[in-house]
Every structure is written in C-alpha cells, then in structure tokens.
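The values are calculated or read from the model by the stated rules, or taken from the named source; none is laboratory data. Computed from a predicted structure; not experimentally measured. Glycine also receives a Cβ, built like all others from the backbone with ideal geometry; neighbour counts cover every protein chain displayed.
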C-alpha cells in the first residue's frame, strides 16, 4: 500500500515546557482522509509543524510521498497544500491580486482551477480580503491550497468557527479532492461530526502520545459504550474493556466489538458511540 504521509517515532521536546511529542507514529494511505483529533494542547499543531519542517524534530522520521523533506526540498513543498485556522493573507489585496502572487510562487499554479473553485465558493474576486467574513477567508485559503495541485492536503482546524452550510460546501470539495487516489488529507479538527462524514481513518492524540488509530467505520459501527451497573461492571474481563468511566449511578465502558460484547455479556446494554465519546473515555477514563 502506498502512503502519502508516514510518521515513525516522532519526538519533540521544548526546554521551557513539560509538553513533548512522544514517539508519534501513524501513516495515511493514498486516496484517504485521516482525521486527527485531541484536546487543546494535545500535540496536533506541533505534529503538523514537524511534518512541514517549520519546527525541528528531535528524532523520528517523516516521509511525504515516500521522501524525507528538508529545507531545500522545494519540489515536495509543491505537492503539499496547507490551511491553518487563521489565514495569513494581506488584508489589502484582492483574490485576483493574490492569484498573481501565488502564480509566481508555485510552478504548478493553475489559474483556471483557481477561478473555477472561487466561482464555486461564490467569492468576490475584486473585493479586499479584509472585507471578507471568516467563512469567505477560509474558502479562499482552501482554494489557494488546492490550486497548485497538491497531492497531500494538511488542514489544521480549517473548518473551525464556520456555519454548517459553509462547512458542508468545504467538505464536498475535500471529498472531490481524494477521488483521485493519489491524493490524501490530514485533517485536524475539533468538529468531529465533520470527520464522521468524510474521514476514512481517525488518529487520537493525547498529551503528545498517539492513543489510538483506527478506521472511522470501525469506530462508528464496531465500537460501543456499555452502560453498566456495579454488578455488571464487575462481570467484565479487563481484556474486554478499552477504557471505563465511573459516574454516579453507572459505569460507561468503551468496548471494541459491541456485537461480540453483547453475545458474551447478556443483559448489558451497549450503545453506539461517537468519536467525541470515544475520545472522552480514552482521555478521561481509566484503563
């Protein structure tokens, strides 16, 4: 299987902070979308900056399209599109002027594609960017990121703070992007409902460590949360619980295979589980 991104044993320490990336490892197969989730400060942005080589890692390997990127690897950078949660465009330029600048930076810049996608997003091409709403600015950032034909798109909270209609428009564009099976997306987001719609895989990070990587469909349709009374919880083998959290009148237990669990433990109710609840149980629960 070919991968757009491969991270193995990534570590990063800061001399003035207790936070560090601890042996971060995951990979993204070509033609897929990886959702990257974790609480604020979990290490998502530091991981992304390490991928982009904007912070210097301490150890580990990062391969983009099979190659290790250095500061001199301009060619690989052409194949990466990046959108952060705050676009850094000059507010006094218009999209038309911005396109001319980008055309001078990227050898693969496609002006026709840029005009098509900005038209699809209904962006005013002669209005100054400082007059744009957040939704319009993020649409423009995504249009720029896609218009030099990257093979890997990296998104750091790119849909944060946007209304549902705008997010839906953007998600459709992401799905179109990965229809070409040489394209992939790493999408960091707190809006897990977006990831449930489009992601193929989900990677959970907590306190700088990867705590789980799994197929999205396995998480949504295979995993479950058992709502247990005390006597029911005591019946469960440790090997059958990924994490659990004690509440006032029940204990919630995260299980990997809800159908098998229901067969083994008669009488215990197992509910479907969302990505949010999986993350909550993995982070706040006990093992």
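Among the residues examined, residue 222 does not qualify as without any contact (Cβ under 8 Å) to a residue 40 or more places away in the chain and farther than 30 Å from residue 200 by Cα.
Within the set 157, 176, the sole residue that is under 23 Å from residue 202 (Cβ atoms), assigned by TED's automatic domain parsing to the domain that holds residue 81 and in contact (Cβ under 8 Å) with a residue 40 or more places away in the chain turns out to be 157. Considering only the stretch 32-47, state which residues are surrounded by fewer than 23 Cβ atoms within 10 Å (Cβ to Cβ) and at pLDDT 95 or above. Passing the criteria: only 32. Within the stretch 139-168, the set of residues being modelled with pLDDT of 90 or more, in contact with a helix residue (DSSP H, G or I) (Cβ under 8 Å, 6 or more places away or on another chain) and under 17 Å from residue 95 (Cβ atoms) comprises 139, 140, 142, 143, 144, 146, 147, 148.
Among the residues of the stretch 71-81, at least one is in contact (Cβ under 8 Å) with a residue 12 or more places away in the chain, in contact with a strand residue (DSSP E or B) (Cβ under 8 Å, 6 or more places away or on another chain), in a helix (DSSP H, G or I) and over 30 Å from residue 128 (Cα atoms). Looking only at the stretch 201-223, residues that are in contact with a helix residue (DSSP H, G or I) (Cβ under 6 Å, 6 or more places away or on another chain) and surrounded by fewer than 21 Cβ atoms within 10 Å (Cβ to Cβ) come to 2 in all. Condition test on residue 52, is it over 17 Å from the mean Cα position of the chain (by Cα), surrounded by fewer than 21 Cβ atoms within 10 Å (Cβ to Cβ) and closer than 25 Å to residue 198 by Cβ? No.
Does the stretch 238-245 contain at least one residue that is more than 26 Å from residue 191 (Cβ to Cβ), in contact (Cβ under 8 Å) with a residue 12 or more places away in the chain, surrounded by 18 or more Cβ atoms within 10 Å (Cβ to Cβ) and touching a strand residue (DSSP E or B) at 6+ places or on another chain (Cβ under 6 Å)? So far as the stretch 238-245 goes, yes, one or more of its residues are more than 26 Å from residue 191 (Cβ to Cβ), in contact (Cβ under 8 Å) with a residue 12 or more places away in the chain, surrounded by 18 or more Cβ atoms within 10 Å (Cβ to Cβ) and touching a strand residue (DSSP E or B) at 6+ places or on another chain (Cβ under 6 Å). Could you run through the stretch 248-278 and say how many residues are part of a strand (DSSP E or B) and under 10 Å from residue 228 (Cβ atoms)? Selection size over the stretch 248-278: 5.
None of 193, 184, 189 is assigned by TED's automatic domain parsing to the domain that holds residue 38, under 30 Å from residue 6 (Cα atoms), modelled with pLDDT under 95 and surrounded by 21 or more Cβ atoms within 10 Å (Cβ to Cβ) except 189.
Of everything in the stretch 246-263 that is loosely packed, with under 12 Cβ neighbours inside 10 Å and closer than 24 Å to residue 283 by Cα, the residue that is modelled with the lowest pLDDT is 248. Among residues that are closer than 27 Å to residue 191 by Cβ and either surrounded by fewer than 18 Cβ atoms within 10 Å (Cβ to Cβ) or modelled with pLDDT under 90 (or both), residue 266 is not included.
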